[in-house]
1. Between a residue in region 5-20 that is outside any loop (DSSP other than H, G, I, E, B) and any residue that is away from the ligand (no atom under 14 Å from the Cβ) and among the small types (G, A, S), which pairs come within a Cβ distance under 7 Å, given they are 6 or more apart or on different chains?
2. Just to be sure before I move on: is K234 part of a helix (DSSP H, G or I), of a type in the set (D, E, K, R) and surrounded by 18 or more Cβ atoms within 10 Å (Cβ to Cβ) in the structure I sent?
3. Just to be sure before I move on: is G76 touching a residue at least 12 places away in the same chain (Cβ under 8 Å) and either buried (at least 19 other Cβ atoms within 10 Å of the Cβ) or closer than 18 Å to L210 by Cβ (or both) in the structure I sent?
4. Can you report the number of residues in region 98-121 which are of a type outside the set (S, T, N, Q), touching a strand residue (DSSP E or B) at 6+ places or on another chain (Cβ under 6 Å) and within 16 Å of the ligand (Cβ to nearest atom)?
5. Among what's in region 150-175 and is of a type in the set (G, A, S) and within 16 Å of the ligand (Cβ to nearest atom), pick the residue that is surrounded by the fewest Cβ atoms within 10 Å (Cβ to Cβ).
6. Restricting region 51-93 to residues that are within 25 Å of H41 (Cα to Cα) and of a type in the set (D, E, K, R), which is farthest from the ligand (Cβ to nearest atom)?
7. Looking at A178, is it among the small types (G, A, S), within 16 Å of the ligand (Cβ to nearest atom) and at pLDDT below 95?
8. Would you be able to say whether some residue in region 14-37 is within 16 Å of the ligand (Cβ to nearest atom) and among the hydrophobic types (A, V, I, L, M, F, W, C)?
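The values are calculated or read from the model by the stated rules, or taken from the named source; none is laboratory data. For clarity, every value in this text was computed on a predicted model and none was experimentally measured. Counting neighbours? That spans all protein chains shown, and the Cβs are built from the backbone with ideal geometry, glycine included.
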Amino acid sequence: MSHVFNFSAGPAVLPREVLIEAAADMLDWHGSGMSVMEMSHRGPEFMSIMAAAQKDLRELMAVPDNYQILFLQGGGLAENAIVPMNLLGRKAQPATIDFIHTGSWTGKSIKEAGKYAQVNVAASSKAGSFDHVPARAGWKLSADPAYVHICSNETIDGVEFGAAPDIAADTNGAPLVADVSSHILSRVIKVDDYGVLFAGAQKNIGPAGLTIVIVRDDLLGHALPICPSAFDWKIVAENGSMYNTPPTYGIYIAGLVFQWLKRQGGVAAMEQRNIAKATLLYDYLDSSKLYFNRVAKADRSRMNVPFFLRDETLNEAFLAGAKQRHLLQLKGHKSVGGMRASIYNAMPIEGVQALISWMQEFESAHR
Ligand SMILES: Cc1ncc(COP(=O)(O)O)c(C=O)c1O
């Protein structure tokens, strides 16, 4: 297959330029005679890759000086345990964590956090099958939560917070923790609205295996004694994300993606492209008689677009025709069914146009 458009939710499409660069570097990184995979993480070559990746991410997201950027292993789900283990020590035990339950990923976070703390589901859209973000006015935050946890883009349900709650007004002063795995770097995020941001890399950043945590300095140093040292953010920060061996190749690819993003004009420019792509697809879905998306318009994800065929018996034919046209990995998550088009930063608008062309053709044939 020469050229495809890959709509996978993650691991997901990476910029072609980055893959070409990585292929050229594979056997010999910058004349070092070594592949990045073969380098000591403490050697000058990899240290320079790490420093550049840290610097570029800080610049791209305008991360303030009083925040640490950590490169960890573990993935997004591991953070569901690592976050409470790092933050609960700020409170007398048993402490309470507030959650806004907007989909599958916050569901998993709630379950995991229950091992370490009391959990208060301050608001939930479960009754509406996760088709919106509950309005702030209805959130029932507890009196003194250790923190408030949101997933600001629910990858499976296709629900995205349009704007972060204002931290002072909206969380009663408790740190806001956001799982940004599936929309980091796709839109401008005001980092100082949050205490902690975390993301698995395998959507907008690079290969699976790298996890990024951005944490405010005052939230370091409160880990529970049971927290593994390799996941204690203070220890990781003090060691420049080199307390244990970091996922070196993932960090290298992430660094190339950060440089690519800078060449694209940065996050604000990328956000405009993502708005254009998402608008094109949602407008088509809303005009169609065959397909539909069921998320409230204001809360629709720009990155993950679940959609359904009104006649589900056509699903397999739709996917087979898509594959013939080199439109890959459109099958929806098994828990919700239907289709899902993930249109991350590296998906060009031509991919969305090609998808809509196929959807139109299929719709015309099944009137
Ligand atoms: C929003 C979100 N959080 C967490 C995860 C889990 O990530 P991992 O499989 O790396 O643990 C995912 C994976 O798709 C996700 O989309």
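1. F5/G351; F5/A354
2. Against the criterion (part of a helix (DSSP H, G or I), of a type in the set (D, E, K, R) and surrounded by 18 or more Cβ atoms within 10 Å (Cβ to Cβ)), K234 qualifies.
3. On the way: touching a residue at least 12 places away in the same chain (Cβ under 8 Å): yes; either buried (at least 19 other Cβ atoms within 10 Å of the Cβ) or closer than 18 Å to L210 by Cβ (or both): yes.
For G76, the condition - touching a residue at least 12 places away in the same chain (Cβ under 8 Å) and either buried (at least 19 other Cβ atoms within 10 Å of the Cβ) or closer than 18 Å to L210 by Cβ (or both) - is met.
4. Total meeting the criteria: 7.
5. A164
6. It comes out as D65.
7. no
8. Scanning region 14-37, I find at least one residue that is within 16 Å of the ligand (Cβ to nearest atom) and among the hydrophobic types (A, V, I, L, M, F, W, C), so the answer is yes.
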